[in-house]
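One structure is given here, and the rest of the page talks about it.
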Amino acid sequence: MSNKERYILPSLSEGRKRSRNEKDVIYGASSALDALSDVGIGKKYYIRTYGCQANVRDGETLAGMLEMMGYEKTDNEREADVLIFNTCAVRQAAEERVFGEIGSLKKFRMDNPDKIICMCGCMPQEEVVVERILNQYPQVDLVFGTHNIYRFPELLKQVLEERQRVIEVISEEGRVFEDLPVRRSTQGKAFVNIMYGCDKFCTYCIVPYTRGTERSRKIEDILKEVKSLQEKDYKEVILLGQNVNAYGKDLGMEDGFTDLLIACAETGIERIRFYTSHPRDYSISTIEAMKKYPNIMKSLHLPVQSGNNEILKRMNRGYTRERYFELFDDMKERIPEITFTTDLIVGFPGETEEEFLDTLSLVDHCQFDMAYSFVYSPRSGTPAANMQDDVSAEEKKDRLFRLNEKLAKYANEKNQAYVGKLVKVLCEGSSKKNKDVYTGYSEENKLVNFTGPKGLENQIVEVEITEAHSFSLDGKALV
Ligand code: SAH
Ligand code: SF4
Ligand code: F3S
């Protein structure tokens, strides 16, 4: 690389700022890309995405842009001309994995000077990450963040034409970009952003810093996307936001998420799901809408994080164990067939054995269908990273083990109850592990692997469950 490098560096403290300004919506954001449409002809791209569905959806935007430039997708990173690491910053382990992958590409990049390695997503929003790239990873050619994805074609062009290393990470509250290209990565179902960012500032979490302030897309823009997906024969939309229950607050809507959910349901699309719900802002009207509309799936991901009130308070979650139970029990009563999944953190700074036991007893009460469990990972710049922590790594690992045993027991019990029953599965194609077996999710959000005749892709299929495991069901299609 020459010394003509161009750097705009991130700042987490800037990323934390919030104002009450109306957020900009930029329409026609892809029109500026037309001029770049031939840079990639005859070349290939490879994208590896880490983290949440928001990142998966961003990966689809990047793929859409690359294809507009003429690039073709490959699943073999060594064959690609442009390699993109679309990263997640939520835990240190995920970051180390990315550094490991990029580290292992050093020789490959030196032997192939025309290849371009890019890092984007949430990691570059952190100063420490960009410093590390600057000092130790010369093989990375382009770094950009979550706020300037729309600039990617322009930045790539700069790297290609001027052979300069480009780092452009903006730390702002964020805007809403409409009409960017998209190359969907899923069959049958599609991710639809309803809002960006997060203002909850849970004390352990980096997301509000890396993704900016909560800002909602306009309801008419979301509905336009849902309708166009329906026209393209997508059967399911998955509405995305870090805290969907806050949808529309920034637009002055009172019960925005329920209004949006009802409007989506009335399009008649076959299935609607949404991630992620936050217990703090849940409204009864949302539950009533779920109950009323058969095309809103009766499964809820409702992260609880901990079962202990002191820990919940120090996490800044804004609810108590009792409030969570109240909400949980109320939903079960109104919609008895509803399935629940959650997220849990063990080993938050200073968590005592008694406090951890409260999490285990919460799991006994709720008996989740499935849960994601994590050991707390300190994120620099967040309040929890400065809290006293006298719990050993070994103790934390042991808690995770005990929690996982309990979670697996309930997940398995719940799944066993499906053996012999019929479920409706949206067929997403063949399973990665076995080409002769289809895979998809049931209405209850159970992962189902099943056999059946050719041609079931993208159809909702009735499947009889023959066997159950902790994390999936096996069955055969009744067609
Ligand atoms: N917005 C969603 C999820 C965001 S991140 C929500 O509020 O539920 C996904 C999950 O990662 C969180 O639910 C939490 O369980 C976990 N997580 C976030 N920060 C973490 C950290 N510092 N250490 C361990 N787990 C973390
Ligand atoms: Fe992170 Fe909390 Fe926002 Fe979820 S709600 S993204 S855990 S700060
Ligand atoms: Fe990770 Fe960023 Fe999502 S930190 S969880 S990719 S919002």
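The values are calculated or read from the model by the stated rules, or taken from the named source; none is laboratory data. This is a predicted model, so every value here is computed, not measured. Because the Cβ atoms are built from the backbone with ideal geometry, glycine has one as well, and the counts that use them run over all protein chains shown. Only protein heavy atoms, including side chains, enter the accessible area calculation; ligands, DNA and RNA are left aside. Shrake-Rupley method; radii C 1.70, N 1.55, O 1.52, S 1.80 Å.
Here are a few things to note about the model shown:
- Residue satisfying all of: in the range 263-313; within 16 Å of ligand 3 (Cβ to nearest atom) and assigned to a loop (DSSP other than H, G, I, E, B); nearest to Glu354 (Cα to Cα) among these: Pro303
- Cβ-Cβ under 7 Å pairs, at least 6 apart or on other chains, the range 130-149 side in the same structural domain as Met65 (by TED's automatic domain parsing) and under 16 Å from Glu101 (Cβ atoms), far side of a type in the set (Lys, Arg) and open to solvent by 30 Å² or more (accessible area, probe 1.4 Å): Gln139/Lys106
- Qualifying residue in the range 82-101 (condition: free of Cβ contacts under 8 Å to residues at least 40 places away in the same chain and among the small types (Gly, Ala, Ser)): yes
- Checklist (1) within 14 Å of ligand 3 (Cβ to nearest atom); (2) surrounded by fewer than 17 Cβ atoms within 10 Å (Cβ to Cβ); (3) under 30 Å from Ser442 (Cβ atoms) applied to Ser185, failing item: (1)
- Test: residue in the range 299-317 that is on the phi > 0 side of the Ramachandran plot and surrounded by fewer than 21 Cβ atoms within 10 Å (Cβ to Cβ): yes
- Some residue of the range 284-298 being closer than 21 Å to Val375 by Cβ and open to solvent by 20 Å² or more (accessible area, probe 1.4 Å): no
- Checking each residue of the range 206-223 against the condition of being modelled with pLDDT of 95 or more, assigned to a strand (DSSP E or B), farther than 27 Å from Ser13 by Cβ and away from ligand 3 (no atom under 16 Å from the Cβ) gives no match.
- Taken over the range 226-267, the criterion of being over 21 Å from Lys189 (Cα atoms), open to solvent by less than 10 Å² (accessible area, probe 1.4 Å) and among the aliphatic types (A, V, I, L, M) is satisfied by Ala246 alone.
- Whenever a residue of the range 355-384 is over 18 Å from Asn316 (Cα atoms), its partners that are surrounded by fewer than 16 Cβ atoms within 10 Å (Cβ to Cβ) and modelled with pLDDT under 95, lying with C-beta atoms within less than 8 angstrom and at least six residues away or across chains, give the pairs Met370/Phe471.
- Scanning the range 361-396 for residues that are polar (S, T, N, Q) and within 16 Å of ligand 2 (Cβ to nearest atom), we see that the one that is most open to solvent (accessible area, probe 1.4 Å) is Ser380.
- Residue ID - nearest to Arg18 (Cα to Cα), chosen from residues in the range 209-223 that are surrounded by 21 or more Cβ atoms within 10 Å (Cβ to Cβ) and not charged (D, E, K, R): Thr213
- Here the condition is being at pLDDT 95 or above, out of contact with any His (no Cβ under 8 Å at 6 or more places or on another chain) and farther than 23 Å from Ala408 by Cβ; of Glu467, Glu462, Glu444, it holds for Glu462 alone.
- The set of residues from the range 142-191 being of a type in the set (Ser, Thr, Tyr) and within 30 Å of Gln230 (Cβ to Cβ) comprises Thr146, Tyr150, Ser185, Thr186.
- Residue in the range 203-212 that is over 17 Å from the mean Cα position of the chain (by Cα) and within 12 Å of ligand 1 (Cβ to nearest atom) present: yes
- For the range 319-351, a residue qualifies if it is open to solvent by 50 Å² or more (accessible area, probe 1.4 Å) and either touching a residue at least 12 places away in the same chain (Cβ under 8 Å) or within 13 Å of Pro279 (Cβ to Cβ) (or both), and the qualifying residues are Thr320, Glu322, Arg323, Glu326, Asp329, Arg334, Glu337.
- Scanning the range 195-205 for residues that are more than 9 Å from ligand 3 (Cβ to nearest atom), open to solvent by 10 Å² or more (accessible area, probe 1.4 Å) and not basic (Lys, Arg) yields Tyr196, Asp199, Phe201, Cys202, Thr203, Tyr204.
- Restricting attention to the range 321-350, the residues that are in contact with a helix residue (DSSP H, G or I) (Cβ under 8 Å, 6 or more places away or on another chain), within 16 Å of ligand 3 (Cβ to nearest atom) and of a type in the set (Val, Ile, Thr) total 1.
- Test: residue in the range 408-419 that is touching a residue at least 24 places away in the same chain (Cβ under 8 Å), part of a loop (DSSP other than H, G, I, E, B), farther than 29 Å from Cys366 by Cα and open to solvent by 40 Å² or more (accessible area, probe 1.4 Å): no
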